[in-house]
Amino acid sequence: MKILEIRELSTSDLVERMNAELVNYNQLNLNHSISPLDNPAQIKHLRRTIARMKSELRHRELINK
């Protein structure tokens, strides 16, 4: 997910989407520890997407103060 797509989401949608991505990330990590994934770069991609979402939420928090 690109940063422009993240910025277009409302705050509630962003929080909901981030929670879903965190669940997906944890599941991928668990699956990868049991048996190797076909594409381990998915983990890196999800981690960075979650970081982008957290950064945008923090930015919105600071702007609204």
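Where a number appears in this text, it was derived from the coordinates with a stated rule and is not lab data. What you are looking at is a predicted structure, and each value in this text was computed from that prediction instead of being measured. Cβ: placed from backbone, ideal geometry, glycine included. Neighbour counts: every protein chain shown.
Taking the criterion of being under 16 Å from MET1 (Cα atoms) and exposed (fewer than 15 other Cβ atoms within 10 Å of the Cβ), the residues of the range 24-41 that qualify are ASN24, ALA41.
Within the range 13-40, residues that are within 19 Å of ALA51 (Cα to Cα) have Cβ atoms under 8 Å from residues that are hydroxyl-bearing (Ser, Thr, Tyr) and surrounded by 14 or more Cβ atoms within 10 Å (Cβ to Cβ) in these pairs: GLU21/THR49, counting only partners at least 6 apart in sequence or on another chain. Remark: pairs (first residue in the range 45-65, under 11 Å from VAL15 (Cα atoms); second residue among the acidic types (Asp, Glu) and exposed (fewer than 13 other Cβ atoms within 10 Å of the Cβ); Cβ separation under 7 Å; 6+ apart in sequence or on different chains) are absent.
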